[in-house]
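Worksheet: one structure, shown below.
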Amino acid sequence: MDFVLSGVAACGACVFTNPLEVVKTRMQLQGELKSRGSYHVYYRNVFHAFYTIGKVEGLVGLQKGLVPGLCYQFFMNGVRLGSYAIIESSGYIHTNGRVNAVKTTVAGAMAGVVGAVMGSPIYLVKTHLQSQATSSIAVGHQYKHQGMTHALVAIYRNHGILGLWRGSSAAVPRVSVGSAAQLSTFSSSKELVIDLQVFPVNSWLVALSAGMISSVVVVLAMTPFDVVSTRLYNQPVDHLGKGQLYKGFTDCFSKTLKKEGLTGLYKGLGASYFRLGPHTILSLFFWDELRKFYQPFR
């Protein structure tokens, strides 16, 4: 039940944040491996990107990839948050009754690795669908998938079962770093808020405020890995399924840093926060409240 509650919580957040995920993906692919000033800027900032996509592609364009997004959130975060909930219930993350920062970081990272590996094929498809755009505002490589099922079948037929896990070399560090930052700061922040007695112990405001603190840490820690992940998943491949732009995580990281500088690794930071921030806050809030609701039935 921990896995189901965690997956449902993440899906609830995804419905609201998917348009921002589309915006983030487009901004991260804009000007790929090009120096500043050498490419046309379709999306000047997160608000302009949101307006441009909505104007050219409509509301449907802003909700591209919603189906794989929901599937990814349910399975990846179901496994990730569910695993962490079990570890937390076992008492592992506490030392002498207090949250242990090292243990929560390790537990969050381990849960993230498991979730990332399981969810990688769906994240691959989600990235392809969200980057697909009308030619007038298209950035990055353009795949021609007709939907999630069509994409999964096409990738499997062309590149085999391993092709579905292309880009997972970036997904694992991305999710493990993000998960470690998110869950360790969320657990510690909840304990801090309770200690300060700002709100009643069982108030929903405890989880909400802890999620807000966690969201800032997550975005700062995760964005460089998120940029690399998006680019690895979306890059064109040859007939053997080998990436034509990057050999792997390290190659993509170094090429982006060399061509675009440190700002390249934080490209779309505003969009990342507008997406990851609310998603972190909402998913952790829903997760915490659903667990409290279910507690009497255990």
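The values are calculated or read from the model by the stated rules, or taken from the named source; none is laboratory data. Bear in mind that the values here come from a model prediction, so they are computed numbers and not experimental data. All Cβ positions, even for glycine, are placed from backbone atoms using ideal geometry, and neighbour counts span all protein chains on display. When the accessible area is computed, the model is the full protein with side chains, heavy atoms only, and any ligands, DNA or RNA have been set aside. Shrake-Rupley method; radii C 1.70, N 1.55, O 1.52, S 1.80 Å.
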Given a 1.4 angstrom probe, what's the average accessible area per residue across the chain, in square angstrom? 45 Å²
Take the Cα of residue 212, step 7 Å along the line toward its Cβ, and report every residue of segment 276-294 whose backbone nitrogen sits under 13 Å from that point. 278, 281-282
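Which number comes out as Rg/Rh for the chain once both Rg and the Kirkwood Rh are worked out on C-alpha atoms? It would help to have the intermediate numbers written out before the result.
On the way: Rg = 19.2 Å, Rh = 19.5 Å.
Here Rg/Rh amounts to 0.98.
Work out the FRET efficiency for residue 165 and residue 96 from their Cβ-Cβ distance, taking R0 = 25 Å, and round it to the nearest 0.05. Don't jump to the answer; show the numbers that get you there.
Details: r = 41 Å, r/R0 = 1.65.
The computed FRET efficiency comes out at 0.05.
Once you charge only the Cβ atoms, +1 for Lys and Arg and -1 for Asp and Glu, what is the size of the charge dipole of segment 78-234 about its Cα centre, to the nearest 20 debye? Show your work: numbers first, answer last.
Values: 10 positive and 4 negative charges, 100 e Å.
Roughly 480 debye, rounded to the nearest 20.
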Long pairs among 55/292; 55/267; 55/190; 190/258; 144/292; 34/190, criterion Cα-Cα beyond 32 Å: 55/292; 55/190; 190/258; 144/292; 34/190
Label-point separation, residue 33 to residue 191 (7 Å along Cα→Cβ), nm: 4.6 nm
When the chain is modelled as a GNM with alpha-carbon springs shorter than 10 Å, which of 262, 66, 20 fluctuates the most? 262
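Over segment 1-63, with every protein chain in place, what whole percent of the accessible area is carbon and sulfur at 1.4 Å, could you tell me? Intermediate results must be reported in sequence, preceding the final value.
Numbers: 1930 of 2960 Å².
Here it works out to 65 percent.
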For segment 247-263, just list the computed ³J(HN,Hα) in residue order, Karplus coefficients 6.51, -1.76 and 1.60, θ = phi - 60°, integers in Hz, with x standing in for Gly and Pro. 7, x, 4, 4, 5, 5, 4, 5, 5, 5, 5, 5, 7, 10, x, 4, 5
In 5 Å bins starting at 0, how do the alpha-carbon pair distances of segment 140-229 split up by percent? 3, 13, 15, 13, 12, 11, 10, 9, 6, 5, 2, 0
Rounded to the nearest 0.05, what FRET efficiency is calculated for residue 237 and residue 259 with R0 set to 30 Å and r the Cβ-Cβ distance? 0.90
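DSSP loop trypsin sites (Lys or Arg not before Pro) in segment 138-171 with at most 15 other Cβ atoms within 10 Å of their Cβ, which ones?
On the way: sites: 144, 157, 166; in loops: 144, 166.
Filter output for segment 138-171: 144.
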Per-residue HN-Hα couplings for segment 19-28 [Karplus 6.51, -1.76, 1.60; θ = phi - 60°; Hz; x = Gly/Pro]: x, 6, 5, 4, 4, 4, 4, 5, 5, 6
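Kirkwood hydrodynamic radius for segment 24-104: how many Å is it when counted over pairs of different Cα atoms?
Answer for segment 24-104: a Kirkwood hydrodynamic radius of 16.6 Å.
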